[in-house]
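Nothing in this text is a laboratory measurement; each read-out follows from the coordinates by a stated rule. Here the structure is a predicted model, which means the values were calculated and not measured. Methodologically, a virtual Cβ is constructed for each residue, glycine included, from the backbone with ideal geometry; neighbour enumeration extends over all protein chains shown.
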Amino acid sequence: MKPTARDHHTYDLVVLGLKTALIGDRPVLGGNSSSEVRVALAGTANAHAWTRESGIIEELILTERARNFTIRRESQVNSVWDLLLYDTCRREPLLTLYLNASIRSVTRKMKRIKAVSVVQLGNEKQFSVKGDLFDVRHQFEADS
């Protein structure tokens, strides 16, 4: 099927088959929904009986429910969710996780980020991550 003008979609970032590094300064994935912060994964499914989260979130929620046999209300935030997110990321061959990793500085060329200097907090390992594209939601944006 050939796309028409009505089929046009615009995004800030589209990732297709790219080797990707995910650098996070926390020990677990999930942000606020992790067992570390303990804010339940909500969305519209918690507000209305006839609505549901869909897509990747729905797949993850269904997998968590299949693996975790505690009552939903008691297990909305748990280590099974953390492990599920970790396992899902580890199964992606083009994704590398750097957890407990703090970005300390950036290297730029012509105002474009070319590399970041990283320190992993648990083992004090220092390394550089280089790339062609960076999606940075960090204080380094203000430095440009």
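Here are some notes:
- Residues whose placed amide H lies under 5 Å from that of residue 21, excluding near-sequence neighbours: 96
- Net length available on complete extension from residue 104 to residue 56 is 14.1 nm, with 0.36 nm assigned per residue and the Cα-Cα distance removed.
- The Cβ shell under 14 Å around residue 36 holds other residues with a net charge of 0, Lys and Arg each +1, Asp and Glu each -1.
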